[in-house]
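The values are calculated or read from the model by the stated rules, or taken from the named source; none is laboratory data. Given the structure is predicted, the values throughout are model-derived calculations rather than measurements. Virtual Cβ from ideal backbone geometry, glycine too; neighbours counted across all protein chains shown. All accessible areas refer to the heavy atoms of the entire protein, side chains included, with ligands and DNA or RNA removed. Shrake-Rupley method; radii C 1.70, N 1.55, O 1.52, S 1.80 Å.
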Amino acid sequence: MTRLPHALRKAIWCAILLAGAQGCGRNSGLPSEKQSAAQASSSAEASRIARPDGVARSAELAAKGARSPGKEGARLLVEAARLRAGYFRTEHNRADALEAIALYKEASSRAWEGACLARLDGILLEAELQPEPAAAYRELASLDTSGNAVCQEQVERVKSKLSAYADVKKDADTLQKQTVLSASGKLMGGAPQANSLRNHGSALITQIHRYGAKDAARIVVELSDPVAFEVGTLKGEAGAPGPRVFVDIPRAEYRGEPTFEVGGVVRRLRIGARASGIRIVLDLESEVYQKVFYLPEPFRLIIDVATRSPRLVAQGEGPRPIRRVVLDPGHGGHDPGATGPSGLREKDVTLDIARRAAPLIAEELGIATLLTRDSDTYVALDERTAKANAFNADAFVSIHCNATEDGHSDGVMTFVLDASKDAFATRIAARENSASVAAASELATAMSGEADTEVMALSTHLATLLQRATVVSLEPGYGKVVDHGVKRAGFYVLAGAHMPAVLFEASFISNPTGEVHLNTADYRQKLADGIVNAVRAFRDGR
């Protein structure tokens, strides 16, 4: 079948969807005449409320829905999904759609009369996000509408619009079974996850970011769609080109410059077409350790190379050779992070804490310290870890302020990158990633299969020390501190770190009392002292 240009396909597909859904008036199994009013109300609410407030409201509804059993909880989940879907349709933020889809799926998994309609809403939203008529038709054909005449009628209406695509064959299943190799040549956590690696057609390489340094480099390849990929290496030999790392991406397209100078350990980046797709080649100055993985939303491949083994800091017992530390003040520039009830911004607090901690680590401990940002500037999550790797850091601490919808939570917690079934922790990761809960969970699951066990153990140990040091620092002046302990979740900023890496949530800025504390120099200094003391204990082997 001839593929139309993406923009045209999307316009046509959205028109089909709107025609199919017109007049459906769905609302969680309510009588039909009441559904249209409820649907319109949700759309109107999304357009009336500013997105940050609406997203917070959606998260509150989702949390209540997750706690509430049966029909009542499912209705709350659908209401939360509709809010996020409304923002996607007005502001076109991909994260809103993905979160809404996840909420619709959760609501449809419960036994209640609106399950079928909730799943239908999710399928239609997925089709708006990724306009593939054949895939949508297959989803609709497999939807169980038995016992729900309203849902059955609406499904048949949409299927009739897509009947021309019923026999289109796609090879997504074949793609999902392709071997996806990590840099070490081992399978990346077994078979790829279907949702993350489904690619119904050609993917276009849209951007390539290069972060080169003497001893480490990171290449970020952004693509229009998820892809499978394979990684290989070639050793340099006498009279032949030097060592190379290559990544093959089947069924990918690229229309930009074929060669980029990078500098440092990566001399040059080359991109060439092959019969099956695209090959990306890194021409290297020397042999390297490498790791290749993907991040969802937006989908991108991360190619990390370094001259130093990530396990170097883990060798031996007792005092550790901690010579370099990177502090990462979260957010910055156009990204304020979470905002307190009175307007205090996370990006300002995190930068101040980092600025207080860095000179103490350097002067008191004699450890070279780098800030990923030293001003109110935006630094991409990919670049933050790249800076830590290029600095050959022995520890990485990303500093953030926590937030919840109800504003009641308090205390401190520290995260490591690992798979988790903790819904609260995963939602925090999704907020920091500016992505969906599903994406955070997907990343954590994929990376947990790739993690070096020694580095992972050291990350957990550093996080434990940071929790302990912060509580000890705060309690004399601020009373009992809620110690939430060490959590696990899929944070983008920790992905691919070559060293023990943690994300520190230094109090809840959404809590009115927490905001007051975070707005004082004394409290920020005590948080900074906690970081310094944790690094000291980590270096001393405690």
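Using r as the Cβ-Cβ distance of residue 153 and residue 72, and R0 as 30 Å, what FRET efficiency do you calculate, to the nearest 0.05?
So the FRET efficiency works out to roughly 0.70.
Count the net charge of all other residues whose Cβ sits under 11 Å from the Cβ of residue 378, scoring Lys and Arg as +1 and Asp and Glu as -1.
In short, 0.
How large is the dipole of the stretch 497-540 about the Cα centre if only Lys and Arg carry +1 and Asp and Glu carry -1, each at its Cβ, rounded to the nearest 20 debye? Show your work: numbers first, answer last.
Numbers: 4 positive and 5 negative charges, 29 e Å.
Using Cβ point charges on Lys, Arg, Asp and Glu, the stretch 497-540 gives about 140 debye.
With the Cα gyration tensor of the stretch 48-152 giving a ≥ b ≥ c as the square roots of its eigenvalues, does the rule (a/c under 1.5 for rounded; else a/b larger than b/c for prolate; else oblate) give rounded, prolate or oblate? Intermediate values should be presented prior to the final figure.
Values: a/c = 2.50, a/b = 1.17, b/c = 2.14.
Oblate shape, in that a/c is at least 1.5 and b/c is the bigger or equal ratio.
Can you work out the Karplus-derived ³J(HN,Hα) for every residue in the stretch 363-369? Use 6.51 cos²θ - 1.76 cosθ + 1.60 with θ = phi - 60°, whole Hz, and x for glycine or proline.
7, 7, 9, x, 10, 5, 10
Restricting attention to the stretch 216-288, which trypsin sites (Lys or Arg not before Pro) occupy a DSSP loop and are surrounded by at most 15 other Cβ atoms within 10 Å? Walk me through the intermediate numbers first.
Working: sites: 218, 235, 244, 251, 255, 267, 268, 270, 274, 279; in loops: 235, 251, 255.
For trypsin sites (Lys or Arg not before Pro) across the stretch 216-288 that sit outside H, G, I, E and B with at most 15 neighbouring Cβ atoms in 10 Å, the list reads 235, 255.
In the stretch 371-463, which trypsin sites (Lys or Arg not before Pro) fall in coil by DSSP and have 11 or fewer other Cβ atoms within 10 Å?
Passing both the DSSP loop test and the Cβ count: 421.
Measuring from label point to label point, each 7 Å out along Cα→Cβ, what is the residue 270 to residue 143 span in nm?
5.0
Any idea how far apart residue 60 and residue 260 come out in nm if each label point goes 7 Å out from Cα toward Cβ?
Spacing of the two 7 Å Cα→Cβ label points: 4.3 nm.
Calculate, for residue 406 and residue 113, the FRET efficiency according to 1/(1 + (r/R0)^6) with r their C-beta to C-beta distance and R0 25 Å; round to the nearest 0.05.
The value I calculate is 0.25.
Assign one of three labels to the stretch 294-386, namely rounded, prolate or oblate, based on the Cα gyration tensor with a ≥ b ≥ c the square roots of its eigenvalues; rounded applies when a/c is under 1.5, prolate when it is not and a/b is larger than b/c, and oblate otherwise.
The shape class here is oblate.
State the extension gain, in nm to one decimal, for the chain segment bounded by residue 50 and residue 422, taking 0.36 nm per residue of separation less the distance between their alpha-carbons.
Gain on extension, residue 50 to residue 422, equals 131.0 nm.
Within 10 Å of each candidate Cβ there may be at most 16 other Cβ atoms; applying that plus a DSSP loop requirement, which GluC sites (Glu not before Pro) in the stretch 314-414 survive?
Hits after loop and neighbour filter: 317.
Using a basic spin-label model with each label point 7 Å from the Cα along Cα→Cβ, how many nm lie between residue 94 and residue 480?
Label at residue 94, label at residue 480, 4.5 nm between them.
Over the stretch 349-443, what percent of the accessible surface lies on carbon and sulfur atoms, probe 1.4 Å?
50
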